[in-house]
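Rule-based calculations on the coordinates, nothing more; no lab input. Keep in mind the model is a prediction, meaning the values are calculated, not measured. So basically every Cβ, Gly included, is an ideal-geometry build from the backbone, and we count neighbours across all protein chains shown.
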Amino acid sequence: VDNLGENLAVGSKIRYKFDYTNVSDQQITVYPKDSNLTNTDVMSTDNCRIRDLAAKGTSKCDSDKLAYHVVGAEDIIKGTFTPTALFQATEDNNGTKVLQDNIVIDFEPVTIKAQSKDEASTAKAYKDGESRYLAKARQFGANESYRIPAVATGKNGRILAAWDLRPVGGDAPQPNSIVMRYSDDQGKSWSDLKMVAQGRNTGSRHGYSDPSFVVDEETGTIFLFFVKSYNQGYAGSQLGVDPNNRNVLQAAITKSTNNGETWSEPQIITDQVTKGHEQEWKSRFATSGAGIQLKYGTHKGRLIQQFAVKPTTGSINYAVSIYSDDHGETWKVGGVISSTNMDENKVVELSDGSVMVNARPGAVGYRKVAISKDGGETYGEVKNETQLPDPNNNAHIMRAYPDAPEGSAKAKILLFSSPQANNVGRKNGVIRISFDDGKTWSAGKLYKSNSMAYSVMTVLDDGSYGLLYEGDWISNGVDSHEIMYMPFSMAWLGYLDVTATAEAASVAAGTTTVTVPVTVKNNSSDDYTSLTVKAAGLPAGWSAADVRVADGLAAGKSTTVNVTLTVPESAKKGDKVTGTIKVTGTYANGVNVSATGTTPMDSDTLTAMEDGSLTVNVTEGAPDPDPEPTEPTIASIGASLKAGDGKYVVG
């Protein structure tokens, strides 16, 4: 009844009128049980309930303050708004004595003005270390804010990025929605925002918050965990697993079998993730970002999503592993860490198949870690990882090469994204690397100076990486971070992903040089602009000149160079000489980030993650040649003459 027509903009007020007719022979109450219109159902103080409607009587709900909807960011994303309303006819005003149920009103959808294309919609090849916006506060002209990133790579290579849309700001129990974008070209361009699970800001309010992806690479199904809230958030939730209890913070899950094109209706799994602890745990949420699928050992294929759980007593949070061994059909409670406070926590599978939990400490300090030897069903001692300072923030850990063979060097490489320090707040995001299953960590490379917060990473289809993170904090009227995406690679972190292989060579003793062919393969998706091959660690007296591949090496390609070794005179048969092959190089597809901006990495020297080896065997040298014959001299002849010999005539 508003005469606004179609193609409505943010802020437009769509208004409706309800006409009621009591067709019965008794007095009734018109009871609006549920609606997505504002001030319509009985959960709102002002609503469309009509008390004591006489038999055969008529009435209406027709007021500027009732039965309306103001177009918001969620409607822009969906492209339409369709009202819903469910009524009952009851004997009493409180709706307890129902005469007629499920009176559903069918509405036509209203077309909403389409969302404008943004910079991320246009394909552009960003360099490693260059960030781009995927969402900005108030980008649709409403008061919406964005937080809590999650990212994953589908089996078909699609990058999926999800986060909270918060129409009024704040975490659960606000009427938040889960939205997403995806990229089918390795992050060069992104889809429009899509709705995954929509909250409702009416009397029967509910919201969805804190997304986390888990990808089943065996089936291709993508799961997305989050909470569903009604009246209570994490702190105020009560005991119980009834999915209809509005005072319980519910665990929810949705899934997609078509790489995020469509999503199932959210399923409440509070009972599954609380099983066996119904009288101990009063609140829970899936820790946002991403879970994992195990690749090794007896639990290969297991899906694991971490939760933070609030017990009925005490002031700490538990870290809890929730796992599935039937491709997400059912979920079970696994390892519970209750000995120390743990907030958002993540897991990573190590090179031997064990599982490491890495947790936000719950206060300023250092990350907390523990190891499971049974696929996340139990955990050992918790330790403070003092190499990983934490200002009390949700970080992310993952294996850099998730498909590497069990026990291999690449299987031991881990990546960790978080703020740089624990004494300046949520600032200066860095990515750290470990080459030994997390025993030691680098100082990290800066990807965002100053304000930043939550972050999550994924391995892309070409072996490079994507980082989704909360950038600058916006506080003027909203509680929001900009949602940012950044590509990066091993090269951006300072490492060449190459293998250098040399066949064993032989050299004869006494030879001055030997040539060793070395084949270098570029295993990455980056083109290296130059490479230098160097033989190092040789014994005293042995040396080699560096060999430069001036034209570099394209992604996935190999080249063979000849490394010439100088052989010392002391080399003798049976000597076995060994050394290492070190490869350094450069690439042009990255930038360094600092507080003043970005600078090209073109001249930065990159180092191979793993050295090659060479072997030279010294064989027997050539025998000494026979002496040249000499003419006899008079002296020598005279010395050998004997009387009567008759052998010589002196003339």
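Count Lys and Arg as plus one, Asp and Glu as minus one, and take only other residues whose Cβ is under 10 Å from that of residue 490; the net charge is then -3.
Grab the beta carbon distance between residue 442 and residue 403, set R0 = 25 Å, and tell me the FRET efficiency rounded to 0.05.
On the way: r = 23 Å, r/R0 = 0.91.
The calculated FRET efficiency here is 0.65.
Dividing the convex hull volume of the alpha carbon atoms of the chain by its residue count gives 207 Å³ per residue. The order of the peptides 252-262, 565-575 by mean Cβ neighbours within 10 Å, most packed first, is 252-262, 565-575.
Rounded is the label for segment 135-488, because a/c, from the alpha-carbon gyration tensor with a ≥ b ≥ c as root eigenvalues, stays below 1.5. Model label points for residue 70 and residue 505, set 7 angstrom from Cα along the Cα-to-Cβ axis, are 7.7 nm apart. This ranking places 12, 288 by how few other beta-carbon atoms lie within 10 Å of each, fewest first, which gives 12, 288. Under the convention that each Lys and Arg Cβ holds +1 and each Asp and Glu Cβ holds -1, the size of the dipole of segment 229-294 around its Cα centre is about 120 debye. Farthest toward the positive end of the dipole of the chain, out of 79, 523, 50, is the Cα of 50, where the dipole comes from beta carbon charges about the Cα centre. Ranking of 348, 561 by neighbouring Cβ atoms within 10 Å, starting from the fewest: 561, 348.
Magnitude of the Cβ-charge dipole of segment 135-488, K/R +1 and D/E -1, about the Cα centre, nearest 20 debye? Please list the in-between numbers first.
Numbers: 37 positive and 38 negative charges, 160 e Å.
In total the dipole reaches around 760 debye.
How would you rank 58, 529, going from fewest to most other Cβ atoms within 10 Å of each one's own Cβ?
Ranking 58, 529 by Cβ neighbours within 10 Å, fewest first, gives 58, 529.
On a C-alpha basis, how far is the centre of segment 184-210 from the centre of segment 486-533 in Å? Whole number, if you could? Rounded to whole Å, the Cα centres lie 46 Å apart. With the convex hull drawn over the C-alpha atoms of segment 383-430, the volume per residue is 90 Å³. Other residues with beta-carbon under 14 Å from the beta-carbon of residue 548 carry, at +1 per Lys or Arg and -1 per Asp or Glu, a net charge of 0. Hey, which of these cross-link pairs are over 28 Å Cα-Cα: 13/117; 124/534; 427/557; 65/255; 373/445; 17/255? Table pairs above 28 Å Cα-Cα are 124/534; 427/557; 65/255; 373/445; 17/255. Projecting the Cα positions of 483, 276, 466 onto the charge dipole of segment 135-488 (unit charges on Cβ atoms of Lys, Arg, Asp and Glu, taken about the Cα centre) puts 483 furthest along the positive direction.
Once R0 is set to 22 Å, what does the formula 1/(1 + (r/R0)^6) return for the Cβ-Cβ distance between residue 257 and residue 374, expressed as a FRET efficiency to the nearest 0.05?
E(calc), rounded to 0.05, equals 0.15.
Available extension along the chain between residue 540 and residue 93 is 151.1 nm, counting 0.36 nm per residue and deducting the alpha carbon span.
Calculated translational diffusion coefficient of segment 157-286 (25 °C, 0.890 mPa s; Stokes-Einstein with Kirkwood radius over alpha-carbon pairs) equals 161 µm²/s. Put simply, the amide H of residue 615, placed in the peptide plane, has neighbours under 5 Å in 505, leaving out anything fewer than 5 places away on its chain. Ranked from largest, the principal axis spans of the Cα set of segment 12-111 equal 45, 23, 23 Å.
In this simple spin-label approximation, residue 515 and residue 267 carry label points 7 Å from Cα along the Cα→Cβ vector, and these lie 6.5 nm apart. Along the charge dipole of the chain, Cβ charges K/R +1 and D/E -1, which of 498, 266, 588 sits furthest on the positive end? Of the candidates, 266 comes out farthest on the positive side. Spatially, segment 25-76 and segment 257-308 are offset by 38 Å when compared through their Cα centroids. Dipole check for the chain: with +1 at the C-beta of Lys and Arg, -1 at the C-beta of Asp and Glu, and the Cα centre as origin, the magnitude is about 1180 Debye.
Considering only the chain, what is the antiparallel percent among its DSSP beta bridges, to the nearest 5? Provide the component values of the computation, followed by the final result.
Numbers: 160 of 170 bridges.
About 95 percent, rounded to the nearest 5.
Grouping the Cα pair distances of segment 280-362 into 5 Å bins from zero gives a pair-distance distribution of 3, 16, 26, 24, 16, 10, 4, 1 percent in increasing distance order.
Using only the C-alpha atoms, the convex hull of segment 343-497 corresponds to 116 Å³ per residue.
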